[in-house]
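First comes the structure, then the notes that go with it.
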Amino acid sequence: MALVEDLSERLQGIVQARLNNDALVLPSLPGPAARALEALDQGGEPREVVPHLSRCPLLAVQVLQAAAAGGEAPSSLQEAVAALAPQRLKGAVVAACAHGVFESRDPRIARSCQRLWQHSIGVALLARDLAALSGSPDAELAFLAGLLHDVGKPLAASLLLEAERMSQRRLVDSDTWLEVVKASHQSLGLALAERWGLPAEVVEVIMDVTEFDVTQRSSPANFARFANAAAKQAGLYEGSYDAEDNDALLMIGRSMLDIDDAALERLCANLEDRSSEEKAA
């Protein structure tokens, strides 16, 4: 535990120093994605967004898949864009970009990053479903908040590997590095959220995923927080967590969000399979 705390403090110190010196290297949104999101924020018509998406095959595929998930597969990218609500379209674009953050060529963290991404997908799907079942108009924001709540973890993992290379020795074993990452990822996630211009609801969850906002009971952020706890209980999580604290969060969330237990059980029963299918798509 002392080693984890010491390395976490050191890692956070590195992050803060680089933030202060404007030297922290963060992934940028690809040009086509940034321009597509800008057009959407300005109320752009589908014909204005399509050229940007078509310049990036990954973005185009993500949007086509999002449209197909709602029913009949679209015959063109323009048809897919027209079929999606603006918030759903934004979510598809950001999801395509976020996936790259969770990829690593380093074998030590590649598997864990893949598992982190699968957990994030599961939380996102569950948050959207529960918000929609509760009649929330912000189900897509709940999805995005769930998807990106851990976005700082792969960035922290990369910085930890960089610190090891600089010291020319392995600082932690494979069982410990995730605990260090978990304790130090928040500032990196917030920095990326600012760089990408992510919605306030996403920033809220990155900032605190373990405490509900009682002033906005049915907020997208609260649905994402509840979904994160439910995914952990369902076994879709990488790392350890306090089961008693998690159970308490679920108990409070059930009451605050008026969660139907039968619906929750049904959604969690196949959550890992659903997240695997979405991850492979």
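The values are calculated or read from the model by the stated rules, or taken from the named source; none is laboratory data. Everything numeric here is computed off the predicted structure, so don't read it as measured data. Cβ sites come from the backbone with ideal geometry, for glycine too, and all protein chains shown count toward neighbours.
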(Q) So Phe102 ticks every box in (1) touching a residue at least 60 places away in the same chain (Cβ under 8 Å); (2) in contact with a Phe, Trp or Tyr (Cβ under 6 Å, 6 or more places away or on another chain); (3) not hydroxyl-bearing (Ser, Thr, Tyr) but one. Which box is left unticked? (A) (1)
Q. Is there any pair with a first residue in region 113-126 that is more than 14 Å from Leu148 (Cβ to Cβ) and modelled with pLDDT of 95 or more and a second that is buried (at least 22 other Cβ atoms within 10 Å of the Cβ) and of a type in the set (Phe, Trp, Tyr) whose Cβ atoms are under 9 Å apart and which are 6 or more apart or on different chains, and what are they?
A. Leu126/Phe223; Leu126/Phe226
Q | Residue that is of a type in the set (Asp, Glu), assigned to a helix (DSSP H, G or I) and surrounded by fewer than 15 Cβ atoms within 10 Å (Cβ to Cβ), where the choices are Asp22, Asp6 | A | Asp6
Q.
Looking at region 80-94, I want the residues that are in contact (Cβ under 8 Å) with a residue 12 or more places away in the chain and have a partner that is of a type outside the set (Asp, Glu) and in a loop (DSSP other than H, G, I, E, B) with Cβ atoms under 8 Å, at least 6 apart or on another chain. Which pairs are those?
A. Ala80/Pro74; Ala83/Gly70; Ala83/Pro74; Leu84/Gly70; Ala92/Leu84; Val94/Leu198
Q) Mind checking whether some residue in region 160-170 is under 19 Å from the mean Cα position of the chain (by Cα) and crowded, with 16+ Cβ neighbours inside 10 Å? A) no
Q.
Of all residues being basic (Lys, Arg) and either under 16 Å from Phe223 (Cβ atoms) or out of contact with any Phe, Trp or Tyr (no Cβ under 7 Å at 6 or more places or on another chain) (or both) in region 241-281, which is surrounded by the most Cβ atoms within 10 Å (Cβ to Cβ)? Just the residue, please.
A. Arg274
Q) When residues of region 32-59 are filtered for being closer than 19 Å to Glu103 by Cβ and either of a type in the set (Gly, Ala, Ser) or in a helix (DSSP H, G or I) (or both), how many remain? A) 5
Q.
Can you say whether Arg266 is within 13 Å of the chain's Cα centre (by Cα), charged (D, E, K, R) and assigned to a helix (DSSP H, G or I), as far as the supplied structure shows?
A. no
Q) If you go through region 198-218, how many residues are buried (at least 24 other Cβ atoms within 10 Å of the Cβ) and touching a Lys or Arg at 6+ places or on another chain (Cβ under 9 Å)? A) 1
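So that you can scan it fast, the table gives a plain yes or no per residue for (1) assigned to a helix (DSSP H, G or I); (2) of a type outside the set (A, V, I, L, M); (3) surrounded by fewer than 24 Cβ atoms within 10 Å (Cβ to Cβ):
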| site | (1), (2), (3) |
| --- | --- |
| Gln87 | yes, yes, yes |
| His99 | yes, yes, yes |
| Arg108 | yes, yes, yes |
| Gln114 | yes, yes, yes |
| Arg128 | yes, yes, no |
| Ala131 | yes, no, no |
| Lys153 | yes, yes, no |
Q. Got a sec? Which of Leu11, Leu29 is in a helix (DSSP H, G or I) and surrounded by 15 or more Cβ atoms within 10 Å (Cβ to Cβ)?
A. Leu11
Q) Given (1) at pLDDT 80 or above; (2) over 20 Å from Leu59 (Cα atoms), where does Glu48 come up short, assuming only one miss? A) (2)
Q: Find all pairs meeting these conditions: Cβ atoms under 9 angstrom apart; at least six residues apart or on different chains; first residue within region 230-249 and in contact (Cβ under 8 Å) with a residue 24 or more places away in the chain and part of a loop (DSSP other than H, G, I, E, B); second residue of a type in the set (Ser, Thr, Tyr) and surrounded by 15 or more Cβ atoms within 10 Å (Cβ to Cβ).
A: Leu236/Ser275; Glu238/Ser112; Gly239/Ser112
Q.
Here is a check on your reading of the model: is Leu24 farther than 20 Å from Ser184 by Cβ and touching a residue at least 24 places away in the same chain (Cβ under 8 Å)?
A. no
